[in-house]
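Undergrad: Got a structure for you, written out below as structure tokens; questions coming shortly.
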Amino acid sequence: MHRRLLLAMLILTILLGAIEGIYGRVRYAGDAINYLNIASAIHAEDSKLAFNSYWSFGYPLLISVVTPLFPSTADG
């Protein structure tokens, strides 16, 4: 029972994410830009910017691991 519910929630999340990815506009909140800057610093091995005391390190690290899997396009 729990496994079916978990699977249904996973499928729904992936489906909604795909719909948002296809039809959604690319919008970045103010915080997202800083996280992308830190993710870029991780790729550039700039430890001074990457280990910022104001912004967490985990989320930009996740972004920097995933971004090479999806190359940039004209839309962003």
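The values are calculated or read from the model by the stated rules, or taken from the named source; none is laboratory data. Please read all numbers here as calculations on a predicted model, not as lab measurements. Every residue, glycine as well, gets a Cβ built from its backbone with ideal geometry; the counts of neighbours run over all protein chains shown. These accessible areas exclude ligands, DNA and RNA; they are computed on the full protein's heavy atoms, side chains included. Shrake-Rupley method; radii C 1.70, N 1.55, O 1.52, S 1.80 Å.
Undergrad: Looking only at the range 26-64, count every residue that is surrounded by 12 or more Cβ atoms within 10 Å (Cβ to Cβ) and either at pLDDT below 75 or not acidic (Asp, Glu) (or both) and tell me the total.
TA: Narrowing the range 26-64 to residues surrounded by 12 or more Cβ atoms within 10 Å (Cβ to Cβ): 32, 34-43, 46, 49-52, 55, 57, 59-64.
Among the residues that remain, those that are also either at pLDDT below 75 or not acidic (Asp, Glu) (or both) are: 32, 34-43, 49-52, 55, 57, 59-64.
Counting residues in the range 26-64 that are surrounded by 12 or more Cβ atoms within 10 Å (Cβ to Cβ) and either at pLDDT below 75 or not acidic (Asp, Glu) (or both) gives 23.
Undergrad: Inside the range 6-24, can you point out the residues that are more than 30 Å from Thr73 (Cβ to Cβ) and open to solvent by 100 Å² or more (accessible area, probe 1.4 Å)?
TA: Listed by number, the list holds a single entry, Leu6.
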